[in-house]
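This report concerns only the one structure given below.
Bear in mind that the values in this text are calculations on the coordinates, not laboratory data. It should be emphasised that the depicted structure is a prediction, and the values quoted were computed from it without experimental measurement. No Cβ is skipped: glycine too gets one built from the backbone with ideal geometry, and neighbour counts run over all protein chains shown.
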Amino acid sequence: MMPSGYDLKKHTLPQLLRMRAQSTPTAVAMRQKDYGIWNEVSYAEYFRKAMLFANGLLELGFKPGERLAVMADNIPEWLYAELGTQAVGGISVGVYQSSLAPEVAYVLSYTGCAIVVAEDQEQVDKLLEIRSEIPTVRTVIYEDPKGMKAYDGDPWIMSFAEVLELGAAYQRKHPKAVDDLIDQGKPEDVCHFSLTSGTTGRPKAAMLMHKNLVHMGVALQEIDPLKPTDDYLSFLPFAWIGEQMMSVGMALSGGFAVNFPESVDTAMSDLKEIGPHVVFSPPRVWEGIQSNIWVRISETYAFNRWVYKAMLSIGYRAAEYRMKGRPMPLGLGLAYWFADQIMFKPLRDQLGFLRLRRAYTGGAALGPDVFKFYHAIGVNLKQIYGQTEIIGIAFVHRDGDVRNDTVGVPIPGGEVKIAESGEILARSDAVVAGYWERPEATLETFVDGWLHTGDAGYLTPEGHLVVIDRVSDVMHTSTGQMFSPQFIENKLKFSPYIKEAVVFGDQRPYLTAFINVDPQTVGKWAEDKGIAYTTYIDLSQKSQVADLIRREVHGVNEGLPEHLRLRRFVLLYKLLDADDDELTRTGKVRRKFVQERYRPIVEGLYGGVSKVRVDTEFKYQDGSVQKVSTEVNVLEAEPSAVASSEGGYVAR
Amino acid sequence: MQLEVKNVSLRFGGVNALTDVSLDVKQGELVSVIGPNGAGKTSLLNCISGFYHPSAGRITFEGHDLTHASPHQVTKYGIARAFQNIELFSGLTVLENLLLARHTFYKYNFLEAVWVYGKAMREGVANRRIVEEVIDFMELEGVRKALVGNLPYGVRKRVEVARALSLSPKLLLLDEPMAGMTLEEKEDMVRFILDIHERGTTIILIEHDLGVVMDISQRVNVLDFGQLIASGLPEEVSANPRVQEAYVGVDHAA
């Protein structure tokens, strides 16, 4: 009999797989599209293949505690290899399949892998290139035989099928060997290495224990229940924690069947065919789907566009209620039912979201407009927050309590606190055992079971967590209030009219900003309004443009706590440019440089004046320099706050 | 010898497109034919694939005489060709194009086709399987149901090769499969050609990119003004003074 709920945490992942294979042998564990057909894999077959692979590993002399790396796209063999490795007490290591050879060399030598499963010739070629740098690797196993004939004579390389054959022979001789090893497994054993993204320094391997993955799966399903007959499409890299927690943690703790697309390019059309019940993707996927819809709507007939617009405005109004979990007024409810029937249902069907109960986004910030759009069309999109070190999801929105400016509340069994420094600390059974061979980083990051996330944030009165920025990037006002310029800049830049923003306030009494209006959208807006302008300088200083941007700033201010609100701002007379060293080549603002260069304007922002006279130089592409003298208006963000005590600046 | 071309000449009125050309191709070889524009490379392929019949000489493939064979007979003997100017139905999907390529192998009758039973069902499944294997091999899964006319040029070239492969050929004739491609597309195509070759298919390749030709061919044949002026290993051919002359011209000042 299959245990349920938190009892699952007493078992290792291979033990759970074995139980599933015994209690529901014919249930569908995975599907893979091959040659245009979805082929089902039952739990019995899943377990049989993982067992064969495990036996094969024993035949190859693989010892408990050794590491096996997998660098492959999303294919069932990934899971056979992972569970097979864990069955014999080994540790699987995910390597991004897009990694370049030097990165692969680093990961393999750092984790000291003994065996590597490489999907195809492309991956094997990378390994051959770095063969001398990875002396610990004894065997390379490839899955796709295409183009591999030339490597036949090399004893270093063998096929996945050969390993399964070796395993079958070993199993006949030692029928109980792997079973015994599975029995010996404990939930606290380290079973998988997931590489942290490594924006600072080289990636570190987080050591995942069985109980981490199982806890995460069980806890999330306590609030967002799933059924074993549900479907999930696995198309993001398995080396990423998100895919591990879904396809391993969630799936084995009772979740769903894992479906594998035919190839990386077909993921979106395969999504449509599968119609998953749950989706987890980073923001770029959500943004991509939305812009795809926009493009297709903008290409259709005027009548269709009109229907789309009309229905969407109903959807947006309904979204307000749905996100807060409040019942809609009768009229809106009826209107939304109608809109759903004639537009949103067919639209969701086109996207493969018709059966979708919940969708998650995480990894980076998603614009509030995108968020609202999905709720308008009936997709229950929720923000999650968490690191590799806490199995991806530590915070999530509850159904009916979705806010586009928070990342939700801790999942069951999780605790949160904010340190003195403003750093977010989290604790739960999902916190991993530490970093592989990085004792100092482990001591810094894991203190008394609390994970130091390195992110700064605060809790709202309702217990929702708001993430501001990396702790190292936050600043303090002269009154000691912590803020993240980037956090506010990003919120400003979500406006289509704002191209670039630079927020000031370090050791200052309040926050101010430089704003670059977007010449395209604001230019178009001005044309539509019949506002004549000559150059960007002229456009940026128009009073109507100032009002337009003031409304956008007001909207951003409304979503911020009192001390983070922008008091004054200027519309800069030129676009910040990498050629003038104001931006890095990757488009990030060089804050210090900008502050120095425009010092008079910054002083103006804090000096109470309403105009600043500036002399500036323009560098042209041919190297010539032109001197320009102009006046910049310093704008109050909330002028009515001064005029009326209620601060009721009416937008729109 | 799998393919033997013996003393083949091809004349159009007073023009000699091919003059006394002889070459042999062994089973499983990857052979290239190069030469300046108008040298007769495509004419030679046309003779092999039955579009032209040689004015003199003889062509045999695995004991079958191809000298006067029609294109569909040549196909049945196991020779397929990918054309230089993509010969696909742009209004059909990739899948339909590939299935259509196999129509010479269909054996069922009209009634079976209408009700899709018996042979029509069995053959339909078998043909689809072969075509799906080609789609998998040429990595066309993402465009299986896309109309060929909507695809970018580089992908259409790949579909053209896939169409030829759908015939499960023993000998594959590739007429400039890399013409007009970007460097990345070329690299992909070279990989596909090597993979096809690795599966045991004999390949005759016409290509202008000499770098590619010299890298991947086992033997190179050079045509100039309809005559075979050199034949041998890539390094031998590139060192041959007559070949250099044909490509860079003669220095008359010397």
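Each residue of the stretch A:241-257 is assigned a 3J(HN,Hα), and the resulting list reads 4, x, 6, 4, 5, 6, 6, 10, x, 5, 5, 7, 8, x, x, 8, 7 Hz, derived from the Karplus form 6.51 cos²θ - 1.76 cosθ + 1.60 (θ = phi - 60°), x at Gly and Pro. The order of the peptides A:458-468, A:6-16 by mean Cβ neighbours within 10 Å, most packed first, is A:6-16, A:458-468. Less than 18 Å apart at the alpha-carbon level, and either on another chain or at least 8 residues along: which aspartates and glutamates does that give for A:LYS10? In chain and number order, the partners are A:ASP179, A:ASP180, A:ASP183, A:GLU188, A:ASP189, A:GLU222, A:ASP429. The A:HIS563 and A:SER629 beta-carbon pair, evaluated with R₀ = 45 Å, returns a calculated FRET efficiency of approximately 0.80. What the phi angles of the stretch A:91-102 give under the Karplus curve with 6.51, -1.76 and 1.60, with θ = phi - 60°, is a coupling list of 10, 8, 10, x, 10, 4, 5, 8, 4, 7, 3, x Hz, glycine and proline written as x. Backbone amide hydrogens, once placed in the peptide plane, bring B:LEU10 within less than 5 Å of B:ALA17, B:LEU18, B:THR19, B:ASP20, B:SER55, excluding anything fewer than 5 places away on its chain. Relative to the dominant Cα principal axis of chain A, helix A:302-324 is inclined by about 80°. With neighbours defined as other Cβ atoms within 10 Å of a residue's Cβ, the residues A:THR300, A:THR266 order from fewest to most as A:THR300, A:THR266. Taking the DSSP bridge list for the protein assembly as shown and keeping only pairs wholly inside it, about 55 percent are antiparallel. Of the peptides A:400-408, A:510-518, the ranking by mean beta-carbon count within 10 Å, highest at the top, reads A:510-518, A:400-408.
If I fit a long axis through the Cα atoms of helix A:330-339 and take the longest principal axis of the Cα atoms of chain A, what angle between them do I get, 0 to 90°, rounded to 10? With rounding to tens, the tilt is 60 degrees. The H on the amide N of A:LEU511, modeled in the peptide plane, is under 5 Å from the matching H of A:ARG567, each at least 5 residues off or on a different chain.
Take each residue of peptide A:110-122, count the partner chain Cβ atoms within 10 Å of its Cβ, and average: the result is 0. Most tightly packed first, judged by the mean number of other beta-carbon atoms within 10 Å of their residues, the peptides A:325-331, A:421-427 read A:421-427, A:325-331. With respect to chain A, whose longest principal axis is taken over its alpha-carbon atoms, helix A:43-59 is tilted by about 70°. Sorted fewest first by neighbouring Cβ atoms within 10 angstrom, A:THR584, B:THR75 come out as A:THR584, B:THR75.
Residue-wise HN-Hα couplings along the stretch A:415-422, as the Karplus relation 6.51 cos²θ - 1.76 cosθ + 1.60 with θ = phi - 60° gives them from phi, are 10, 9, 8, 9, 6, 3, 6, x Hz; Gly and Pro carry x. Look at the stretch B:189-198: the mean tally of other chain Cβ atoms within 10 Å of its residues' Cβ atoms is 2.
Distant-in-sequence amide contacts of A:PHE280, defined by a placed amide H-H separation under 5 Å and a gap of 5 or more residues or a different chain, comprise A:TYR360.
May I ask you to work out the translational diffusion coefficient for the stretch B:1-158 at 25 °C, viscosity 0.890 mPa s, via Stokes-Einstein with Rh from the Kirkwood sum over Cα pairs, reported in whole µm²/s? Rounded, D is 136 µm²/s. Volume of the convex hull of chain A (Cα atoms only), normalised per residue: 195 Å³. Going from the fewest other Cβ atoms within 10 Å to the most, the residues A:LYS627, A:LYS63 appear in the order A:LYS627, A:LYS63. Inter-chain neighbour count for A:258-264: the average number of beta-carbon atoms from partner chains within 10 Å of each residue's beta-carbon is 2.
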